[in-house]
Amino acid sequence: MKSRCLNSRLFLFLLISIVSVGFRAFAVSPRVAYDMDMACEICAALPLETVEGVWLYPEDNVTVLILKNQNPVAANVYSTYTISVVETSDARLHPGDILGQLSATPESGVYKIELATEKKNDLLLKPKTCMANLGKDGDTFIFKKRNSNLKTRLNLNLNRLLPGFWKIVGIGLSSNSGNSAAAPVGMIKVYPSYDGNGSSRRETRYL
């Protein structure tokens, strides 16, 4: 009887261990979407944080899905989020590509964005970083521009991924350009919308 009881307990322990490993493996798998419908379905099934959701960067006509990492690096005390491609007009990128990472900082509402700048043999390479401010309404990201001189601006690599993004953010405005009043550049949240109907505060609503 004791032998049967021991065997039963051992079997139950092994079964629980296998199920637990399966859940952990699922939890750390990247959640990506291959179209807008799939991206919205993923978001609708999760308790999203403010920065999570589907975002549009109009300068390069790319839509991305931002979701919190399920297996953050132990040394990183701040939350990190995966940025994956949903839709793009850039033939080098494909839906589901992990384009980069968003990281929280000690300053509330300020995030570090790390994005790949090149793609070779289906690998996204050479990540570059910039800083971004989350809008008070939670549905905009405004990128911080860096001043540069004329020589740096002329040496911009137009073959890199998201050329419009890095032209404005990576190079920024020359301190000698006299264009300090340039309009802010950033991303707009597409889903979930502030009213649940797909509306944007930056688009005219017709009744």
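Since every read-out is calculated from the coordinates, none of them should be taken as a lab result. Bear in mind the structure is a predicted one, so any value in this text is a computation, not a measurement. Using ideal geometry, Cβ is built from the backbone for each residue, glycine included, and neighbour counts are taken over all protein chains shown.
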Open item on the list: Using the basic label-point model (7 angstrom from Cα toward the beta carbon), what is the residue 36 to residue 193 distance in nanometres?
Closed with: 1.0 nm
Task: Potential lengthening between residue 78 and residue 105 on full extension [0.36 nm per residue; Cα-Cα distance subtracted] - done: 9.1 nm
Task: Residue-span extension gain [residue 49 to residue 137] - 0.36 nm each, minus C-alpha spacing - done: 30.4 nm
Task: Sequence ranges 48-57, 91-100, ranked by mean other-Cβ count within 10 angstrom, highest first - done: 48-57, 91-100
